[in-house]
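*Asks:* A single structure is presented below for examination.
The values are calculated or read from the model by the stated rules, or taken from the named source; none is laboratory data. Small disclaimer: the values here were computed from a predicted structure and weren't measured. With ideal geometry, Cβ positions are generated from the backbone for all residues, glycine too; neighbour counts draw on all protein chains shown.
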Amino acid sequence: MTILQRHPRLVAALEGEMTPKFLATRSAAGTPNVVPVTSILPVRDGNDTIFFGNFLLRKTIVNLGQDRRAAVLVITDSLDGWRLTCDFARFETHGPCADRQSNSPLLRYNAYTGIRDAGLLDVNAVDEEFSMSRLSLAAAFLATRCCRAPADCGLTIPLAARREWGRFKAVKVVAWIGEDGYPDIAPALTLQPGSEGTLVCWMDTRLRGGPRSGAEVAANVLTMDAISYQVKGVWEARGVTGAIRVREVYAGGPPLPGGRIA
């Protein structure tokens, strides 16, 4: 039995075309990057392979060309989730994977352009399966608002981005480079602005064992309206909370997909 066959609920979640899925990669220098890639689907051939459409992905594609190590996080509407460790295999411009992506409703009727190709990822392991309580998250979200933010790095997060980070009904994740060199990724649904230049969140068990203070991290927010922003900065563990001192902010969609805005 393959890794994916042992996790039928994960496969069902991956088949969901609108299920929030995030792909974390790393640059050659070891800088993490994380973006929502809802086009990720399982290959229906009995192998431990998943694939995604190369659509509005810039830094992710560059990173995969430099380093094959990757991680995927899947979170359902019912707040069940899985974290996968993967290796990038190849891009395919023709074949069943490229055809499935091109013909999917998500990409077939978009207002911009179709996919360039399909990227294939070999799944090495399902490292974690978890379930979160919406009530507990709401309490932690409100508690985080009362926490003092650390000093920022002198960068101001644009107001439009701060508004999206401040939403409770949004999926938020933090990514960093693990001790084994692979990108690691965890849900951080309580992440919210602590000041004009910082984001703070409640430290659950997944984040307590995550990035160390001073580590480079990337974080992404995906809202119910399919608006996305990524930030990069320095992680600071602060007891029951964690904070990101933001150094860079990127737009996640048109008209400047992947472009730096601060």
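Residues checked against (1) without any contact (Cβ under 8 Å) to a residue 40 or more places away in the chain; (2) in the same structural domain as residue 154 (by TED's automatic domain parsing); (3) touching a Ser or Thr at 6+ places or on another chain (Cβ under 7 Å):
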{"site": "180", "(1), (2), (3)": "yes, yes, no"}
{"site": "185", "(1), (2), (3)": "no, yes, no"}
{"site": "196", "(1), (2), (3)": "no, yes, yes"}
{"site": "204", "(1), (2), (3)": "no, yes, no"}
{"site": "231", "(1), (2), (3)": "no, yes, no"}
{"site": "244", "(1), (2), (3)": "no, yes, yes"}
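*Asks:* Which condition from (1) assigned by TED's automatic domain parsing to the domain that holds residue 205; (2) among the charged types (D, E, K, R); (3) modelled with pLDDT of 95 or more is the one that residue 122 breaks?
*Replies:* (1)
*Asks:* Hey, another quick one. Can you confirm whether residue 253 is touching a Ser or Thr at 6+ places or on another chain (Cβ under 8 Å), in a loop (DSSP other than H, G, I, E, B) and surrounded by fewer than 23 Cβ atoms within 10 Å (Cβ to Cβ)?
*Replies:* yes
*Asks:* Continuing with the same structure: Taking the stated definitions as given, is residue 88 under 12 Å from residue 122 (Cβ atoms), in contact (Cβ under 8 Å) with a residue 12 or more places away in the chain and under 18 Å from the mean Cα position of the chain (by Cα)?
*Replies:* The answer is yes for residue 88.
*Asks:* Within region 211-229, can you find the residues that are among the hydrophobic types (A, V, I, L, M, F, W, C) and either part of a strand (DSSP E or B) or free of Cβ contacts under 8 Å to residues at least 40 places away in the same chain (or both)?
*Replies:* 215, 217, 218, 219, 221, 222, 226
*Asks:* Counting only residues that are farther than 22 Å from residue 87 by Cβ and buried (at least 24 other Cβ atoms within 10 Å of the Cβ), how many does region 175-191 have?
*Replies:* 4
The rows are residues; the columns are (1) part of a loop (DSSP other than H, G, I, E, B); (2) surrounded by 14 or more Cβ atoms within 10 Å (Cβ to Cβ); (3) out of contact with any Asp or Glu (no Cβ under 8 Å at 6 or more places or on another chain).
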{"residue": "10", "(1), (2), (3)": "no, yes, no"}
{"residue": "22", "(1), (2), (3)": "no, yes, yes"}
{"residue": "28", "(1), (2), (3)": "yes, no, no"}
{"residue": "35", "(1), (2), (3)": "no, yes, yes"}
{"residue": "38", "(1), (2), (3)": "yes, yes, no"}
{"residue": "44", "(1), (2), (3)": "yes, no, yes"}
{"residue": "52", "(1), (2), (3)": "no, yes, yes"}
{"residue": "56", "(1), (2), (3)": "yes, yes, yes"}
{"residue": "62", "(1), (2), (3)": "no, yes, yes"}
